[in-house]
Amino acid sequence: MRSAGDAPGEPPCRICGARTQRLGQVHGSYSQRDYELRRCDDCGFAFIADPWTEFAQIYDDRYYAGHGADRLVDYRFELSHPERTVRQYEWRGITRAVEQLLGGLNGVRWLDFGCGNGGLVRHVSEHTAASACGFEEGSIAQSARQLGIPICSSAVLEQEYSSFDVVTAIEVLEHTIDPLAELRRIRRLLHPGGLLLLTTGNAAAYSSRLLSWSYIVPEIHVSFFEPRTLERAFGLSGFRPGSMPARGGFEQILKYKVLKNLRVRRRNPLTDLVPARPVARLADRRTRLSRHPVGWAV
């Protein structure tokens, strides 16, 4: 809640309600405008205070082809050539991490929330015994459905409360203006004891230089979390924080992130030979992504 001493017009923290401080402006190279970045000292949450909300324009076909605000993605290529994209490593890693956390995937109902082109859904469906579906509202969802990838609409999702064993949200939460609302929506979809596995950047690793953090792409990335932020948000939305397994699947996830940031998009024999464990160890020292929690529905 906003306290009586807050200055008028200063937005409170969207996680804990405490006062926030203005860090400065970040420039959006796609929209060619400046945005205000604020941060909460109480829980570490940072956010774009004046986000661009014309979502149909932001997440148009150019975005999914890698010509929008995020030039490091190419969802169209991944949709057409799933075996040739380096995202294969991420899909394998997420699948392995969920399997490690749940102790197996037989009979598991899995929802990939904010699934983009449905690549993870297709991978899980083809390579495991889990029953997987996705949820996506962007323009690429229809193309994925035409290929037979099961992607739910909002109306269908409303009927699936308390029915999933695991929900993944891969690089989703940073896109949301109201993270608590999204986490509470996800919690309603999980049965008690269900797992939420998400990935997002760790702002704690860049706390002294947030204004220059390359992860802040203000047209699309508007919410930024430290591990303590996610722990607070989980507690407020019906989750108990737990630990991500730092080996196995997580190493493959980090291998993908390193290749992506090196602008390597195509999988080939050389990328297959890149050793995941040492690459992940070096990357995690810088990004500290392994310190983010997973959530267990209570």
- Task: Test each condition in (1) touching an Asp or Glu at 6+ places or on another chain (Cβ under 8 Å); (2) of a type outside the set (A, V, I, L, M, F, W, C); (3) open to solvent by 10 Å² or more (accessible area, probe 1.4 Å) for residue 146 and report the one that comes out false.
- Result: (1)
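Each row is one residue, and each column tells you yes or no for (1) among the basic types (Lys, Arg); (2) part of a helix (DSSP H, G or I).
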{"residue": "177", "(1), (2)": "no, no"}
{"residue": "216", "(1), (2)": "no, no"}
{"residue": "233", "(1), (2)": "no, yes"}
{"residue": "255", "(1), (2)": "yes, yes"}
- Message: I'd like the full set of residues that are farther than 20 Å from residue 190 by Cβ and surrounded by fewer than 18 Cβ atoms within 10 Å (Cβ to Cβ), limited to region 218-243.
- Response: 228
- Query: What about residue 134, is it open to solvent by 20 Å² or more (accessible area, probe 1.4 Å), modelled with pLDDT of 95 or more and not in a loop (DSSP other than H, G, I, E, B)?
  - Reply: no
- Being open to solvent by less than 70 Å² (accessible area, probe 1.4 Å), of a type in the set (Lys, Arg) and within 23 Å of residue 197 (Cα to Cα) narrows 109, 96, 87 down to just 87
- Message: Where the second residue is acidic (Asp, Glu) and the first is more than 22 Å from residue 188 (Cα to Cα) and lies in region 107-131, which pairs have Cβ atoms under 6 Å and are six or more apart or on separate chains?
- Response: 117/78; 119/78
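Residue under question is residue 71, and the condition is that it be of a type in the set (D, E, K, R), out of contact with any Leu (no Cβ under 7 Å at 6 or more places or on another chain), without any contact (Cβ under 8 Å) to a residue 12 or more places away in the chain and open to solvent by 10 Å² or more (accessible area, probe 1.4 Å); does it hold?
yes
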- Query: Does residue 101 qualify as being assigned to a helix (DSSP H, G or I), in contact with a Leu (Cβ under 9 Å, 6 or more places away or on another chain) and farther than 25 Å from residue 246 by Cα?
  - Reply: no
- Subset of region 34-55 (residues that are closer than 27 Å to residue 76 by Cα and free of Cβ contacts under 8 Å to residues at least 40 places away in the same chain): 54, 55
- Scan (1) acidic (Asp, Glu); (2) over 17 Å from the mean Cα position of the chain (by Cα); (3) closer than 24 Å to residue 207 by Cβ for the single condition residue 231 breaks and write down its number. (2)
- If you take the residues of region 244-265 that are farther than 13 Å from residue 91 by Cα and in contact with a strand residue (DSSP E or B) (Cβ under 7 Å, 6 or more places away or on another chain), which of them is most open to solvent (accessible area, probe 1.4 Å)? 265
- Task: Taking the residues in region 194-214 that are touching an Asp or Glu at 6+ places or on another chain (Cβ under 8 Å) and in a helix (DSSP H, G or I) as candidates, determine which candidate is least open to solvent (accessible area, probe 1.4 Å).
- Result: 203
- Number of positions in region 18-46 that are part of a loop (DSSP other than H, G, I, E, B) and loosely packed, with under 15 Cβ neighbours inside 10 Å: 3
- Query: touching a residue at least 40 places away in the same chain (Cβ under 8 Å), surrounded by 15 or more Cβ atoms within 10 Å (Cβ to Cβ), touching a helix residue (DSSP H, G or I) at 6+ places or on another chain (Cβ under 6 Å) and among the hydrophobic types (A, V, I, L, M, F, W, C): does that describe residue 169?
  - Reply: no
- Task: For region 49-59, name all the residues that are buried (at least 16 other Cβ atoms within 10 Å of the Cβ) and modelled with pLDDT under 95.
- Result: 58, 59
- Message: So for region 185-192 (the condition being within 25 Å of residue 54 (Cα to Cα), part of a helix (DSSP H, G or I) and modelled with pLDDT of 95 or more), does at least one residue qualify?
- Response: yes
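The values are calculated or read from the model by the stated rules, or taken from the named source; none is laboratory data. Remember, predicted model here, so these are calculated numbers, not experimental data. Neighbour counts are summed over all protein chains in view; Cβ atoms, including those assigned to glycine, are modelled from backbone coordinates with ideal geometry. All accessible areas refer to the heavy atoms of the entire protein, side chains included, with ligands and DNA or RNA removed. Shrake-Rupley method; radii C 1.70, N 1.55, O 1.52, S 1.80 Å.
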